[in-house]
1. Order 145-153, 243-251 from most to least packed using the mean count of other Cβ atoms within 10 Å.
2. Take the Cα atoms of region 309-421, find their three principal axes, and give me the spread along each one in whole Å, biggest first.
3. How far, in nm, would the chain grow between residue 83 and residue 437 when pulled straight, counting 0.36 nm per residue and subtracting the alpha carbon separation?
4. How high is the relative contact order of region 167-421, given as a whole-number percent (alpha carbon pairs under 8 Å, six or more residues apart)?
5. From the alpha carbon gyration tensor of region 14-72, can you work out the equivalent ellipsoid semi-axes (sqrt of 5 times each eigenvalue) and give them in Å, largest to smallest?
6. When you count, for each residue, the other Cβ atoms within 10 Å and take the mean per peptide, how do 304-312, 318-326, 261-269, 69-77 rank with the highest first?
7. If I model a spin label as a point 7 Å beyond the Cα along the Cα-Cβ vector, how far apart are those points for residue 494 and residue 337 in nm?
8. Between residue 158 and residue 111, what FRET efficiency comes out of the Förster formula 1/(1 + (r/R0)^6) with R0 = 51 Å and r the beta carbon distance, rounded to 0.05?
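FYI, it's all coordinate maths here, none of it is from the lab. Because the structure is predicted, anything quoted here is derived from the model rather than measured. A quick note on method: Cβ atoms are made from the backbone with ideal geometry, for glycine too, and the neighbour counts reach across all protein chains shown.
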C-alpha cells in the first residue's frame with residue numbers, strides 16, 4: 001500500500017510568523033505531529049510519503065503514486081481539507097480524514113466525500129481503520145476510549161525535512177484537568193491527563209538528535225503541569241540527558257498560570273532549558289474568568305503569578321479573548337493596561353469563537369445564539385460565530401484598537417526590553433552546528449538593518465540592545481528573537497484592522513474610525 005499523508009495549508013494567523021521563519025531559513029513554524037504519529041502506527045510494510053502544504057506542494061507524481069490519501073486537519077484548516085478531499089476523489093483515490101476537525105464534526109467531513117473519517121486518537125483508532133479497510137466498510141471510525149500513551153510509538157520524524165521548520169514538535173501528554181467553557185481540549189482529549197513515560201520522551205528526542213535536529217522544540221501538551229508529579233519525573237530525566245549531549249535543545253510548552261505559584265517547578269523547567277510557556281490568561285476581569293469557568297486564574301493574583309514566572313527565568317506568551325460573556329465596555333483597554341503592567345511583549349489576542357461541542361457551544365446553541373456558517377477560520381481574523389452579549393461593533397473596535405496599541409513598534413520593543421531586563425540570569429550552552437551559527441548570524445544582522453537602521457525608532461532599538469547587553473547579557477539572544485517576532489506582529493496589526501473593517505461591513509454594523517495615533521509613553525530605560 002502506498003499512503004500519501006497530507007497536511008493542509010494553514011491560513012494566516014497569529015501563529016504564522018512568516019517573516020520570522022524566512023529570516024532563519026525556515027518555511028513554517030511547526031511540523032504536522034499528528035500525521036507523523038499516524039505514520040508510525042501504520043503497517044511497517046506500507047510505503048509512506050508526507051507532503052506538508054505549508055512547506056511545499058503536491059505534484060502530479062504524488063497523486064499518481066498514491067493508493068491511499070490520509071489528511072489530518074484542525075478546524076482552522078477545514079477549507080483546505082475539503083479542497084484536498086475533492087481533488088483526491090476526482091482522481092479516484094481512497095481518502096481518510098482525521099484530526100481535531102474531523103473528530104469534532106465528522107458528518108461534515110464525510111459529506112465532503114471522505115471514504116473514512118477517523119474520530120479520536122490514532123493509537124486506538126488506526127487498528128479499527130485498518131480492519132474497516134480490510135472488510136470494505138466505509139464511514140466513521142471511532143473509539144470513545146482514551147488510549148494509554150505508553151503505547152504511543154516514536155513519531156516518524158524521518159519523513160520530515162527538518163530544516164523547513166522553525167521548531168520541531170513533541171508531545172508528552174494529552175488532556176487537561178481544567179474545564180474552561182470555551183476550550184475544546186476536554187472535548188478532544190478529556191479531563192484526565194495521560195502521559196508518555198520519560199523514557200519514551202527521551203527516545204523521541206534521541207531520534208531527533210540523531211537526525212540532526214537542534215534548537216527549539218515545542219512540547220505541545222495541553223497543559224504541561226496538568227500533573228506536576230509527571231512533569232517533575234520527566235524534567236529530572238531530561239536535564240542530565242541534555243547535559244550529556246551538549247544541550248542541543250531548548251523548549252517551549254503550554255501551561256496554566258498556577259505555574260507561577262510553584263518556584264520549585266519553575267527551577268526544574270529552567271534547568272531543563274524550558275524557557276518559554278504559552279499561558280491562557282484570557283482576561284484581566286475576574287468576573288469574566290469566573291463566568292468562563294477559568295477558576296484557576298483567580299485563585300492567586302494573576303500579576304503576581306506572571307511576575308514570578310518571568311523573574312525566575314521563563315518567558316510568557318499570553319492568550320487573551322475579547323467578547324466573552326459578562327465582559328463590559330473597555331475590555332480591550334484593560335487588556336492593554338494589564339500587558340503594560342506585566343510587560344509581556346507577545347500576546348495572542350482574538351475575538352471569542354464557540355469551538356464545536358465545547359460547553360460554550362452547547363450553551364449558546366440552547367440559548368439560540370450560535371450563528372451557523374459564520375467565521376471563516378476561527379483564528380485571528382474570524383467573524384464571531386455567536387451573538388455576543390454586548391454590542392458587536394464595540395467588541396470589534398476594541399479588538400482592532402488593542403492590536404494597534406500593543407503592536408505599535410516602539411511600544412512593543414519597550415515591553416520586550418522591560419520584560420527581559422527583569423528576568424534572572426540564564427545559563428544555556430546550546431549545541432549548534434556551523435550551518436546554524438551562520439544562519440543565526442545572518443538573521444541578527446538582518447534585524448539590525450530592519451530595526452536599527454530603516455526605522456524611526458532606531459535610536460530606541462540601539463539604546464535598548466546595548467542596555468540589555470550591559471545589564472542582563474544572558475537574555476540577549478531571547479530579546480533579539482522577540483524583536484524579530486515583532487516584525488510579523490507589526491504587519492499583523494494592519495491586517496487585523498483591515499479584516500475587522502471588512503467583517504463589520506459584511507455584517508452591516510458601524511465601521512469604527514481609525515483611532516488617532518497615540519504617543520508612546522514607555523521608552524527604553
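1. Values: 145-153: 14.8, 243-251: 16.6.
With the highest mean Cβ count within 10 Å placed first, the list reads 243-251, 145-153.
2. So the three principal-axis extents are 49, 27, 25 Å.
3. Working: separation 354, 0.36 × 354 = 127.44 nm, distance 3.99 nm.
Length difference between fully extended and current span is 123.4 nm.
4. Working: 420 pairs, mean separation 43.0, N = 255.
Computed value for region 167-421: 17 percent relative contact order.
5. Values: eigenvalues 136, 43, 15 Å².
Gyration-tensor ellipsoid for region 14-72: 26, 15, 9 Å.
6. Working: 304-312: 19.0, 318-326: 21.0, 261-269: 17.4, 69-77: 24.0.
Going from most to least packed, we get 69-77, 318-326, 304-312, 261-269.
7. Taking the two extended label points, one gets 3.1 nm.
8. Plugging the Cβ-Cβ distance into 1/(1 + (r/R0)^6) gives 0.90.
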